[in-house]
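Below you'll find the structure, written out as structure tokens, and then a few comments.
The values are calculated or read from the model by the stated rules, or taken from the named source; none is laboratory data. Model, not experiment: these values are computed from the prediction. In this analysis, Cβ positions are derived from the backbone assuming ideal geometry, glycine residues included, and neighbour counts consider all displayed protein chains.
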């Protein structure tokens, strides 16, 4: 087993496919596959499960991934010291974000990450929260910003902030009004919502079930930009966080009615595999995410959100 095999394994595990890793490494895919097979033969365990959509990491692979990254970084730092250069951290950490919150936080997180650890690599993966949860379980990402996650075995969740949900409509929609709307009145409004298991839809359906209500879902669309386009043309209303429609409200394209009696609240959490809580760079990135989000909320850049106090996180 040599360092090149470990580097190749880390890239394939992170990318989730041989083709994507081969492109990053500028290595022919058959050669990459041979190196990984050689590593598995040397260790006597299966590290990756190959399938039509790419690869999934096994339990043994997850153990090796953390150790391999630590070893690769240690070698890099040792070389720096031997050469008399300054000691830097040159590891890699992968952050998963949902499209809406990602637009708000990723630019600031990346800027601060690059300033603190210029030799380290920050990988950003975007997906809906249910996909991010899957990637956490598969160890394709180290940390994720999740919307309304369900409890997951092996994943540690820390609440980050709460957001009020609103009913968003075009200004000429019959239900458009300046005041709020009671949750019990929502079935009267045709809705355009993402399909299950989208995190917002899970939250909305769970609340409707608790209050014995059946919502009028006129159209199911899994693209937020397309939902907004349909709402803008008056085909229905949608339920979103206020931050998710704040720009459209500011431009006069949407009216946002606060959902009341009871309010509907979205919770954003930081999620990471339980064993990753001892990984230094993962913990540092978690702290950086919280600090960046707190700054956005304090400046009013994350409209309608309030931070969850550290003491309340347990």
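Exactly one condition in (1) touching a strand residue (DSSP E or B) at 6+ places or on another chain (Cβ under 7 Å); (2) buried (at least 22 other Cβ atoms within 10 Å of the Cβ) is false for residue 244; which is it?
It is condition (1) that residue 244 fails.
Considering only segment 58-168, give the strands (runs of 3 or more DSSP E) lying wholly within it that have at least 3 residues that are touching a strand residue (DSSP E or B) at 6+ places or on another chain (Cβ under 9 Å), at pLDDT 90 or above and buried (at least 18 other Cβ atoms within 10 Å of the Cβ). Write out each step before concluding.
Details: elements: 92-97, 121-126, 143-147.
Where strands (runs of 3 or more DSSP E) fall fully within segment 58-168 and carry at least 3 residues being touching a strand residue (DSSP E or B) at 6+ places or on another chain (Cβ under 9 Å), at pLDDT 90 or above and buried (at least 18 other Cβ atoms within 10 Å of the Cβ), they are 92-97, 143-147.
Taking segment 20-49 as the region of interest, how many residues are in contact (Cβ under 8 Å) with a residue 24 or more places away in the chain and over 20 Å from residue 121 (Cα atoms)? Spell out how you get there, then give the answer.
Going through segment 20-49, the residues in contact (Cβ under 8 Å) with a residue 24 or more places away in the chain turn out to be 20, 32, 35-36, 38-39, 42-43, 47-48.
Among the residues that remain, those that are also over 20 Å from residue 121 (Cα atoms) are: 32, 35-36, 38-39, 42-43, 47-48.
Adding up the residues that qualify gives 9.
Whether any residue in segment 185-195 is out of contact with any helix residue (DSSP H, G or I) (no Cβ under 8 Å at 6 or more places or on another chain), within 28 Å of residue 97 (Cβ to Cβ), surrounded by 12 or more Cβ atoms within 10 Å (Cβ to Cβ) and modelled with pLDDT of 95 or more is what I want to check.
yes
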